[in-house]
1. From the P(r) of segment 16-118, can you give the percent of Cα pairs sitting at distances over 24 Å?
2. Points 7 angstrom from Cα along the Cβ direction at Ala292 and Arg252: gap in nanometres?
3. Calculate I(q)/I(0) for segment 177-293 by the Debye formula, one identical point scatterer on each C-alpha and no solvent, and give its log10 at q = 0.14 Å⁻¹ to two decimals.
4. Which net charge results for the neighbourhood of Cys19, defined as the other residues with beta-carbon distances under 13 angstrom from its beta-carbon, given Lys and Arg at +1 and Asp and Glu at -1?
5. Subtract the Cα-Cα distance of Arg54 and Arg318 from 0.36 nm times their separation in residues, and report this length gain in nm to one decimal.
6. For Glu281, tell me the accessible area in Å² from a 1.4 Å probe, rounded to the nearest 10.
7. Taking only C-alpha pairs under 8 Å that are 6+ residues apart, what is the relative contact order of segment 194-352 in percent?
8. For segment 177-330, which whole percent of the accessible surface, found with a 1.4 angstrom probe, sits on carbon and sulfur atoms?
Amino acid sequence: MNLLRSDTHAPLVHAIIGCGRVAPNHVDAFSAAGGVVLKWACDRDMEAARSLARSGPISAVTTDPAEVFADAEVDSVSIAVDHAQHAPLVAAALRAGKHVLVEKPLAMSDAEGAELVALGERTGRVLSVVSQHRYDPVVQAVRSWLAKGLLGVPVAVDVTLQCGRTAPYYRDSYWRGTWAGEGGSALVNQGYHALDVVRWLCRGLEVVGAAAGSGQLREAMETEDTFAALLRSPAGTLVTYSVTVASVISWRTRIGVVGSAGTVLFDLDHPGTLHLVDGGEELVTAARAEKARATREQPSGIDYYGISHRLQAADFCRSVRTGDPMTASGAAGLETLRLLTQLYRAGGVRRGEPVAPAGPAR
């Protein structure tokens with residue numbers, strides 16, 4: 001890995017492009033990482049950039065990403081804008097010699113994503129897709145239990161995510177709920193992290209079947225508000241997955257893993273909670289220690305984003321300085337993007353066309 005600075009102890013200079021809902025998490029994460037200077041806040045809305053800069057503190061603001069990319073002092077950037085802008089901004093940043101942490105998804109298409117990963121490799125720059133829940137302590141614990149065989153042979157995984165989004169959430173946005181701006185909705189946006197975590201736990205997934213629908217929010221969006229699927233891991237584990245943004249519950253994620261020697265049930269909310277564990281003595285003892293771990297830190301932004309942006313930012317900075325691989329690499333983000341594409345295809349979704357209303361099968 002080619003570093004922008006030969007002195008790995010020098011502070012990294014970081015910029016944030018996109019100052020919306022998730023930007024405070026990036027400010028908090030890189031502030032907590034240590035050895036990082038936050039220099040730029042960039043947004044199409046100058047007041048949004050100024051507001052984020054005041055919270056930083058961040059010394060410079062702009063509405064033009066090119067100004068950030070032209071700054072030779074900047075080592076790395078966070079890109080937290082609408083989905084359609086991910087690929088062009090990531091490409092521009094990499095070509096300018098910046099390391100990149102981009103919010104999910106990596107791009108709007110598999111082809112774009114593959115080009116970005118290849119570009120990162122050619123330029124020798126770190127490319128990472130935000131997958132903060134891979135870093136959640138409870139997720140790390142479950143992955144280690146699976147690796148140690150404490151759950152036995154994984155038989156089934158059940159994933160449910162329900163959250164509440166309103167019609168104004170989509171109508172008042174220039175990009176949400178549209179194929180051109182979001183590339184989908186419930187699955188690619190709200191459901192992304194649960195899918196990514198389970199794909200990581202299962203070491204890969206293939207699609208068996210899927211269905212998409214639009215019901216309560218049909219008049220406010222052209223994309224899906226509900227999605228359900230059946231998937232299979234390389235080892236044969238069956239995974240049932242469902243996500244909806246039409247719930248009365250503001251946010252709740254549940255992931256259940258059933259193995260031949262144990263069962264666990266946990267979530268990705270804040271703090272990530274281990275709800276149920278049953279199995280052998282070693283598993284129960286490990287789970288008892290995990291439950292005793294206290295998470296006192298308060299999220300800097302929306303609570304269900306959690307605090308693990310901090311852990312991913314620390315991993316990102318380490319990778320920039322050392323060249324070591326990341327838990328949430330660009331290549332990993334590409335694999336999840338490819339899985340999303342397969343799911344939409346299996347669900348009968350034609351991108352660019354309104355999703356069919358939910359209702360009885362014809």
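The values are calculated or read from the model by the stated rules, or taken from the named source; none is laboratory data. Keep in mind that this is a model prediction, so the values were computed, not measured. Neighbour counts run over all protein chains shown; Cβ positions are idealised from the backbone, glycine included. Protein only, heavy atoms only, side chains kept; ligands, DNA and RNA dropped before computing areas. Shrake-Rupley method; radii C 1.70, N 1.55, O 1.52, S 1.80 Å.
1. When every Cα pair of segment 16-118 is considered, 16 percent fall beyond 24 Å.
2. 3.0
3. -0.69
4. On the way: positive: Arg21, Arg44, Arg50, Arg54; negative: Asp43, Asp45, Glu47, Asp82, Glu103.
Local net charge: -1.
5. Contour length minus Cα-Cα distance gives 92.4 nm.
6. 150
7. 21
8. 53
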